[in-house]
Every structure is written in structure tokens, then in C-alpha cells.
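The values are calculated or read from the model by the stated rules, or taken from the named source; none is laboratory data. These figures come from a predicted structure and were not determined experimentally. Neighbour counts are summed over all protein chains in view; Cβ atoms, including those assigned to glycine, are modelled from backbone coordinates with ideal geometry.
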Amino acid sequence: MPRPTGIADLPAGWTVERIRALSGDRSAAPLALDRLVVVEEHGRSDYATLRPEVILAFHDLCLVLADGEWFMGQLDTDGSVVCWASYGSDLAEAIRGL
């Protein structure tokens, strides 16, 4: 079955089923990349815009891959994502951080 338009491929070795099993969230799913994604930066009053390569949704929480790092954030009602922390490059560690 083809992936819907605008949704990036998952990292090598990862499937939606594996992400759901590790997270314990049966509704976890990749999201389309055509949305605003920002990260709060310590000591700044504004946000830095991220260019997501992958966005994974876990109810209202998200993991966003940008520049080789997984950021944790929250899905807003308008579809944008506001991130507040980086969990490095290991997706499994980021999922455990949920």
C-alpha cells in the first residue's frame, strides 16, 4: 500500500508496527511534513523553525527528526508542532523518553 502524499519514509529498520510496539501506543503514526514545526530555545523568547524529515505522532505528543536529532513536542490544534527538547539521534531512546 503506498504511503500518503507528504509523509516521509521511516528511518531504516523501522516500521509503524515496531514504533507502536516500543511506545505502547497502538495509534502511533507518521504525519505529513507540510506543517509548521518549531523548537523552543533556552534563553530566547522566540522559536527556531525546524525542517522535519520525519514526524511521528503519539496522541498529542510528537517526535520530529530534524538535522539528525529527534525532538519531542506537542501537536497543536492547528496542526503545528512545538518542540521543547532534543533526544539525540536514537529513535528508540526518544520513544522511551515519551
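A few points about this structure:
- Candidates GLY43, GLY24, filtered to the one that is at pLDDT 95 or above, of a type outside the set (S, T, N, Q) and on the phi > 0 side of the Ramachandran plot: GLY24
- Taken over region 1-60, the criterion of being outside any strand (DSSP E or B), surrounded by fewer than 17 Cβ atoms within 10 Å (Cβ to Cβ) and among the β-branched types (Val, Ile, Thr) is satisfied by THR5, THR15, VAL16.
- Qualifying residue in region 60-70 (condition: in contact (Cβ under 8 Å) with a residue 24 or more places away in the chain and farther than 14 Å from LEU98 by Cα): yes
- Only one of GLY79, GLY88, GLY73 that is in a loop (DSSP other than H, G, I, E, B) and touching a Phe, Trp or Tyr at 6+ places or on another chain (Cβ under 9 Å): GLY88
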